[in-house]
Amino acid sequence: MKISRNSLLGAVVTAAIVGGSGLAQAADTIRIGVVGPVTGPVAQYGEMQMIGAKMAVEQINAAGGVNGKQIEAVVMDDVCEPKQAVAVAQKIVNDGVQYVVGHLCSGSTQPAAEIYEDEGILMITPASTSPAITEQGYKMIFRTIGLDSQQGPVAGRYIAETVKPERMAVLHDKQQYGQGIATAVRDTVEGMGVNVVLFEGINSGQTDFSALITKMKKEKVDFVYYGGYHPELGLILRQSAEQGFDAGFMGPEGVGNKDISAIAGAASEGLLVSLPADFAADPNNAELVKAFEARNEDPSGPFVMPSYAAVQIIADTITATGSEDPAELAEAMRATTYETPIGAVAFDEKGDLKEFQFVIFDWHQDGSKTAVQ
Amino acid sequence: MSENGLQFVQQIINGLTLGSIYALIAIGYTMVYGIIGMINFAHGEIYMISAYVGLIVITGLSMMGIEYMPVVLIITLTMAMLITSAYGWSVERVAYRPLRGSPRLVPLISAIGMSIFLQNYVQLAQGARNIALPPLISGGWRFGDAAGFQVYLSYMQVMIALATTAAMVGLTLFIGRSRLGRACRACSEDRGMANLLGIDTDRVIALTFVIGAALAAVAGVLVGLYYGVVNPFMGFIAGLKAFTAAVLGGIGSVPGAMLGGIVLGLTESFTSAYLSTEYKDVVSFGLLVLILLFRPTGLLGKPDVEKV
């Protein structure tokens, strides 16, 4: 019994491997993995990434594809969980996909990037802002978005120069992205003489912030910076309004989402959010914006255009070099400047953008925003 | 009162509210354990489902133009209790009854499976995002003033505390005084003997799950209204915390669940207030370990007599 069961298992595994590699060889299209949270609490951001990437794929295909081949977007879901991200990355490797646009959350991009680097897969993240991702000297890892270490100081300088709080609190969700950016903000404002009375982590998924809010109220905090995502900040805003704690609030692009207005209602009015510049408002992109609107999609999300740009860069590089080898593409990418919907893109040695602009927005309770800088 | 004193009062209010919520969920755990000696791991998910039912009913009512608050609240609670009770009954029917008489670990695993199933089912049916509820009951009392710091007690907080107390008193009376309650106690003492004496133990166990689910429904609706946000994952953490509260208070004891919930809620609040939010789980679970070291049966638990 035992032997036959083992051989059965062996047969199944063999079939799976053969089946997998069979798929990999059917490469008359160029397949790009688009990986992000399709489900889970931050799936909205994944949606921005998906609509941007898919639009690029369709427009490139409509214009004749890349060297006569069509591009195919292979969408995969990592739920923004590091564990799931590793599983997805391994699936990408097994399926023989050679290019990835993703992942989205820094916490899942980090472990996935290591796998892509080892397996020689070209990865461009349109959303992960943690500086640690490109710090390992990777050759295959790029991004079409700025860094927390660039965004934090922009937010910090705005706080110190324009808001000028007397007693400030900096909160974060203890995750790579949130804590990273909160630390950058704290260091910047403290360097410019702002008095930070509280620097504290909360648990992501936590729903009750009453004790923390009471403490901030008692400490006479007049401005709060939160590093993290919108579900927690939405609740903090709502509970603050209820307790009568009326400080100003600010957060990074992770909170800049219409859902924060759904959760916090009127309490989200006046929230400050640092976001990549609104590429949808750039007159150069007018035609592209129309294409999105024709499909009833919202091009103004912070990750839509960076995702579009990531796909376009891969396609442009394949066209220019005539090669499909990810390593050759990676080398060429470091030497090229691209014209994309997020402006002129050039990569530095680490794979980061040489230049990326963040803008401070004033958030409104109907989910819209206006630039204040 | 000084500013520090007022902050202390506010933190007690925060902690009691949080503790009442934990207690309301914990009672469901403790009841099932008290009667069949098993942990119902799907209880947190039942609580989550009731929050969704509440959301759907409230939205439906406001679409029909019914917005008078007490009516909305009563209809929502009733509907949530009915529908969630059906879920509780089904969980028992599917995951427990067919496994009656098998080793204790087996229904434990089937309950965990049930919990994962329910969580994914809601995620597929309702989407994984946070859904926000409109505030139904807002406002409250503000009192005391020291250097601009006022204590705030909202109507919702009072309601949560009252609902928990009512549930605990009602349940204690039900178990202690009613005929069915006596049947429950008999099952908890010795299920085989109770069966021999003519008690339909299957029915009593099903009833336990239904009552537990109805209480979770109250918790789900109130918490949904209080925090204003529901998502398919909310049952997991809440269930874990409530289970901790039940163990802390002495699993199997209804007043123990209440006490455990309040102790846990206050500990979390005070750790956040005077130490750091980062440490609140470290301190509360540390406290759990300490209490179990010195009182293995929890604060109000009775020592477990080995059944022959």
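The values are calculated or read from the model by the stated rules, or taken from the named source; none is laboratory data. Because the structure is predicted, anything quoted here is derived from the model rather than measured. Ideal geometry is used to build each Cβ from the backbone, glycine not excepted, and the neighbour counts take in all protein chains shown. Just so you know, the surface numbers come from the protein's heavy atoms only, side chains and all, with ligands and any DNA or RNA stripped out. Shrake-Rupley method; radii C 1.70, N 1.55, O 1.52, S 1.80 Å.
Descriptive notes on the structure:
- Exceeding the 31 Å Cα-Cα cut-off - candidates A:Lys220/A:Lys354; A:Lys139/A:Lys174; A:Lys215/B:Lys302; B:Lys280/B:Lys302; A:Lys91/A:Lys290; A:Lys83/A:Lys164: A:Lys220/A:Lys354; A:Lys215/B:Lys302; A:Lys91/A:Lys290; A:Lys83/A:Lys164
- When nucleic acids and ligands are ignored and a 1.4 Å probe is applied, A:Thr188 ends up with an accessible area of around 30 Å².
- Rg/Rg_ref, chain B, where Rg_ref = 2.2 N^0.38 Å and atoms are Cα: 1.02
- A straight Cα-to-Cα reach below 12 Å connects A:Lys350 with the aspartates and glutamates A:Glu135, A:Glu331, residues fewer than 8 places away in its own chain not being considered.
- Two-site label geometry, A:Asn203 and B:Tyr121: point separation in nm, points 7 Å out along Cα→Cβ: 2.7
- Alpha carbon centroid spacing (whole Å) that separates region B:216-244 from region A:25-71: 37
- Ordered by solvent-accessible area of protein heavy atoms (1.4 Å probe), largest first, the residues A:Glu242, A:Glu287 come out as A:Glu287, A:Glu242.
- Anchor B:Lys241: aspartates and glutamates whose Cα lies under 12 Å away (excluding residues fewer than 8 positions away in-chain): B:Glu268, B:Asp281
- Fraction of the pair-distance distribution of chain A above 29 Å, Cα-Cα pairs, percent: 43
- Under a model in which nothing but the beta-carbon of Lys, Arg (+1) and Asp, Glu (-1) is charged, the protein assembly as shown shows a dipole of about 3200 debye around its Cα centre.
- Measuring with a 1.4 angstrom probe and ignoring ligands and nucleic acids, B:His43 comes out at about 10 Å² accessible.
- Descending by average beta-carbon neighbour count within 10 Å, the peptides A:253-259, A:349-355 line up as A:253-259, A:349-355, the highest first.
- Under 5 Å from the amide H of A:Ile202 lie the amide H atoms of A:His172, A:Asp173, A:Lys174, each residue being 5 or more positions distant or on a separate chain, with H modelled from the backbone and absent for Pro and chain starts.
- Taking max minus min of the alpha-carbon positions on each principal axis, region B:230-308 gives extents of 46, 31, 18 Å, largest first.
- Remark: accessible surface ordering of B:Leu290, B:Leu118 (largest first) is B:Leu290, B:Leu118, probe radius 1.4 Å.
- With DNA, RNA and ligands ignored, accessible area of A:Glu81 (1.4 Å probe; Å², nearest 10): 90
- Kirkwood Rh, Cα atoms: Rg over Rh of region B:16-138: 1.02
- Within the protein assembly as shown, helix-based [θ] at 222 nm, where runs of 4 or more DSSP H residues each add -39,500 (n - 2.57), nearest 500: -19000 deg cm²/dmol
- Exposure rank, largest accessible area first [A:Ile236, B:Ile131; 1.4 Å]: B:Ile131, A:Ile236
- Prolate/oblate/rounded label for the protein assembly as shown (Cα gyration tensor, a/c 1.5): oblate
- Measuring from each cysteine beta-carbon in the protein assembly as shown, the ones with no other cysteine beta-carbon under 4.7 angstrom are B:Cys184, B:Cys187.
- Between the helical axis of A:176-191 and the longest alpha-carbon principal axis of chain A there is an angle of about 40 degrees.
- The magnitude of the dipole of region B:3-294, with charges of +1 and -1 set on the Cβ of Lys/Arg and Asp/Glu and taken from the Cα centre, is near 700 debye.
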